[in-house]
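Notes follow once the structure below has been shown.
The values are calculated or read from the model by the stated rules, or taken from the named source; none is laboratory data. Note that the structure is predicted; figures quoted are calculated from it, not measured. Here Cβ is always computed from backbone atoms with ideal geometry, including for glycine, and neighbour counts include all displayed protein chains.
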């Protein structure tokens with residue numbers, strides 16, 4: 001079971017009607033602050049590289065309905081080309097997502113340390129796509145990581161080094177969450193890539209109600225299966 005950390009020393013705001021996507025600036029990345037933020041419908045990202053921590057609540061909010069995943073025929077074939085594992089290489093997945101060569105990269109050392117602490121406490125998880133060679137050696141070629149609270153999962157970032165590897169990780173995540181009884185998969189903002197997998201936009205008011213219900217659930221979610 002995840003270990004509840006000490007509460008945040010900061011008071012995080014509730015997103016209000018009329019607020020833009022950026023709701024607050026400041027605070028820290030302690031485990032208690034991060035968990036309180038997700039429970040309030042917020043997530044952290046620096047306002048600019050090396051700038052202050054921003055707390056974001058997009059309106060509309062991107063979610064991937066667990067019963068609405070779109071898997072093309074070619075992606076279904078790709079799923080058989082990889083071995084999927086969970087929580088066997090969390091640090092390596094975060095490092096892949098934080099690769100400074102990636103365009104628009106924003107994950108710095110402080111974020112890497114913060115989510116590693118959450119993983120050690122049982123709240124953050126990785127879904128990994130591995131390519132296994134003829135000699136049996138496995139190579140991490142893609143994956144994603146995020147935060148699970150109750151029946152809620154917040155997908156934070158993903159990466160790939162081989163075509164379709166990150167998409168295969170998304171398919172595996174959705175299948176895992178379905179089996180575990182989760183109810184909400186947050187993807188923050190939709191992109192053409194995520195929309196091709198079935199992601200949709202919903203109003204922030206609807207998202208806040210759904211995330212509060214999902215986080216309050218005592219059973220189900222990532223660790224239930």
Any chance region 174-192 includes a residue that's out of contact with any helix residue (DSSP H, G or I) (no Cβ under 8 Å at 6 or more places or on another chain), in a strand (DSSP E or B), within 28 Å of residue 19 (Cβ to Cβ) and modelled with pLDDT of 95 or more? yes
The one condition residue 151 fails out of (1) in contact with a strand residue (DSSP E or B) (Cβ under 6 Å, 6 or more places away or on another chain); (2) over 22 Å from residue 107 (Cβ atoms); (3) at pLDDT 95 or above is (1)
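Residue by residue, here is whether (1) at positive phi; (2) surrounded by 17 or more Cβ atoms within 10 Å (Cβ to Cβ); (3) touching a strand residue (DSSP E or B) at 6+ places or on another chain (Cβ under 6 Å); (4) without any contact (Cβ under 8 Å) to a residue 24 or more places away in the chain holds:
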site: 156; (1), (2), (3), (4): no, yes, yes, no
site: 160; (1), (2), (3), (4): no, yes, yes, no
site: 165; (1), (2), (3), (4): no, yes, yes, no
site: 172; (1), (2), (3), (4): no, yes, yes, no
site: 176; (1), (2), (3), (4): no, yes, no, no
site: 203; (1), (2), (3), (4): no, no, no, no
site: 212; (1), (2), (3), (4): no, no, no, no
site: 222; (1), (2), (3), (4): no, yes, yes, no
